[in-house]
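Here the structure comes first, spelled out in structure tokens, and everything after it is commentary.
The values are calculated or read from the model by the stated rules, or taken from the named source; none is laboratory data. Predicted model only: the values in this text are computed from it and were never measured. Cβ placement follows ideal geometry from the backbone for every residue including glycine, while neighbour counts extend to all protein chains displayed.
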């Protein structure tokens with residue numbers, strides 16, 4: 001019986017082991033690539049549905065588009081100084097009026113009676129002050145007359161004293177008669193001194209009181225004018241020359257004090273009122289210029305005033321025409337303008353597109369050299385205008401960027417571009 005023979009297995013050569021190891025590494029690397037590639041969030045889109053723009057180096061014009069509305073440079077609002085019922089309307093909306101021209105008549109019975117009563121009271125007080133003034137003048141004249149009388153009496157007595165003195169020495173007049181004249185002369189001199197002292201006191205009192213009376217009279221006359229003007233204010237007149245652009249009143253309608261009655265616009269001067277996004281609030285200043293084209297001609301405006309209040313994400317500015325003013329412009333007409341914020345600067349430029357609303361300029365999809373896909377890349381942008389955004393970091397000249405909207409691919413990391 002034959003004996004079984006053990007068959008020895010042949011060992012693999014080292015070069016065979018090397019081939020196996022290499023095959024395993026290649027398979028592992030390929031598998032890792034498939035897994036890594038599958039983990040990248042990818043979105044496939046036809047290239048014709050996208051807008052691809054190239055990053056360029058050029059002059060950045062620091063300007064923004066704004067929409068302005070033509071408004072009168074100066075407007076005057078008509079308010080009811082005193083309330084009342086509309087009794088009569090003399091002009092129509094849109095009419096051109098002159099300063100002082102009657103526009104409408106209000107009626108207010110209570111105001112009429114109150115004005116009449118005030119007039120009576122003020123007139124009585126003015127008459128009383130006039131009587132006091134007349135009394136001062138009468139007293140002044142009376143005192144002056146008394147002084148005149150005393151001076152005259154003293155002059156007569158002095159002449160008598162001189163004559164009687166000689167007559168007494170000649171024995172023709174008794175000494176007693178002479179003494180009577182001397183006593184009377186002394187008395188009249190004291191009376192004259194008293195009159196003059198009283199005159200000084202009266203003058204001092206009169207001057208003080210006349211100043212007070214003048215002040216009181218001025219206030220009373222001012223009150224009288226206010227009383228009369230309050231009644232006259234029921235007849236509403238045009239304060240300036242212009243166009244009556246608003247007069248929303250009806251006959252018989254009741255208007256309260258302070259209520260708006262209408263508006264008059266100065267028609268030969270205009271301004272442009274524009275709303276600007278609050279993003280630019282720190283970069284908009286007085287005297288900046290904005291240009292626009294109308295009927296084939298270019299015009300320039302100058303920023304006159306910046307209003308600090310921000311409402312619903314915008315703030316308001318006023319611009320005036322700098323140089324030539326367009327002909328035949330109308331109140332309320334809109335203009336598409338470009339506001340210049342600074343001088344042109346050489347920098348990297350990326351055309352503006354829908355992506356800026358989706359990413360805020362923080363990242364973009366950059367197309368690779370083959371044009372088969374685009375990868376997400378973080379960037380940093382600066383200023384922007386209506387055509388370009390300034391690129392500060394993350395992109396280089398010549399890079400191709402998807403600048404259309406990212407609304408369907410905001411969460412993606414790679415975009416596959418299909419034909």
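Observations on the structure shown:
- Boolean, residue 143 is closer than 30 Å to residue 217 by Cα and without any contact (Cβ under 8 Å) to a residue 40 or more places away in the chain: no
- Verdict on residue 175 being loosely packed, with under 15 Cβ neighbours inside 10 Å and assigned by TED's automatic domain parsing to the domain that holds residue 210: yes
- Count of residues meeting criterion [assigned to a loop (DSSP other than H, G, I, E, B) and surrounded by fewer than 14 Cβ atoms within 10 Å (Cβ to Cβ)] in region 288-328: 9
- Filter pass, residue 256 being closer than 29 Å to residue 109 by Cβ, surrounded by fewer than 17 Cβ atoms within 10 Å (Cβ to Cβ), under 36 Å from the mean Cα position of the chain (by Cα) and assigned by TED's automatic domain parsing to the domain that holds residue 117: no
- Annotation note: of 226, 236, the sole residue that is modelled with pLDDT under 85 and under 31 Å from the mean Cα position of the chain (by Cα) is 226.
- Taken over region 262-287, residues that are closer than 16 Å to residue 386 by Cβ and part of a loop (DSSP other than H, G, I, E, B) amount to 2.
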